[in-house]
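Input: a single structure, listed below in structure tokens.
Only the coordinates and a few stated rules stand behind these numbers; no lab work does. Model, not experiment: these values are computed from the prediction. Glycine gets a Cβ as well: all are built from the backbone with ideal geometry, and neighbour counts include every protein chain shown.
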Amino acid sequence: MKGKIIILSAPSGTGKSTVINRLMKMPDLRLGFSISATSRKPRSGEVDGREYYFISDKEFLRRIDVGDFVEYEEVYAGTHYGTLRSEVERVCDNGLNLIMDIDVKGGLNVKELYGSRALSIFLEPPSLQTLERRLRGRGTDSEETILRRLGKAEYEISFAPSFDLRVVNDNLDDTVERIASAIRTFTTHDPD
Ligand code: 5GP
């Protein structure tokens, strides 16, 4: 049986990676993480082939040309991110459900491509004020970056109504349980 596709999109700082890590630890969901390709440099602690496939921008453009991507976006100016066709096959052909951490535009593109085989989930911060506090609390970004991310978040939240499911991340345990339950229903009940 072929696996299904779970799309998780959220503004930066909403807690998407934490939620995905928790979901990946639930064996009954049978999730496989979609390792994207990116032309950004690895952050400390990131490993090539685990968080991302880190490639140069030149290589990224070459792979766009040969049709290796299911979707790709220039998420930040000069920095590409994309889902490789080979990655979807690697996970789904093994019967696992592919979970994607992907930006809002990419998420909607994938939903359009896979239709009823994909569940698109939008994770929302409780408010822009909370998001701002979280971004500042991380202590990793400059003031300029924080303001840019906040502006982008407001824009991204405007796409939330186009997703199959919206979950406000005000309590991590509840958020993980709500999403896990939606994935269980989607992967076990929907015929394909
Ligand atoms: P980061 O650099 O913080 O890891 O990711 C930046 C943004 O790129 C996040 O919103 C993440 O969801 C998005 N992203 C990661 N992989 C992909 C991908 O394959 N395609 C698209 N469209 N966005 C991605």
Output ³J(HN,Hα) for segment 70-79: one whole-Hz value per residue in order, computed from phi by the Karplus curve 6.51 cos²θ - 1.76 cosθ + 1.60 with θ = phi - 60°, and x for Gly and Pro. 6, 7, 8, 9, 8, 5, 10, 3, x, 10
By how many nm would the segment from R117 to S17 lengthen if fully extended, with 0.36 nm per residue of separation less the alpha-carbon distance? 33.7 nm
Phi-based couplings in Hz for segment 33-48 (Karplus 6.51, -1.76, 1.60; Gly and Pro marked x): 7, 7, 7, 7, 9, 9, 9, 7, 6, x, 7, 5, x, 7, 10, 4
Two pseudo-spin positions, 7 Å from Cα along C-beta at K105 and at V47, lie apart in nanometres by 3.3 nm
Label points 7 Å out from Cα along the Cβ direction at T188 and R166: separation in nm? 2.8 nm
So what is the calculated 222 nm ellipticity per residue for the chain, using -39500 (n - 2.57) for each DSSP H run with n of 4 or more, over all residues, to the nearest 500 deg cm²/dmol? -13000 deg cm²/dmol
Electrostatic dipole magnitude of the chain [Cβ: Lys, Arg +1; Asp, Glu -1; Cα centre; debye, to 20]: 280 debye
Placed amide H near I6: partners under 5 Å, 5+ positions off or other chain: L98, I99, M100, L119
Let's test the formula: R0 of 35 Å, r as the Cβ-Cβ distance of S86 and T130. What FRET efficiency results, to the nearest 0.05? 0.40
Whole-percent tail of the Cα-Cα distance distribution for segment 5-188, cut at 21 Å, equals 50 percent
Taking a label point 7 Å from the Cα of E74 along the Cα→Cβ vector, which residues of segment 10-51 have an amide N closer than 19 Å to it? 37-41
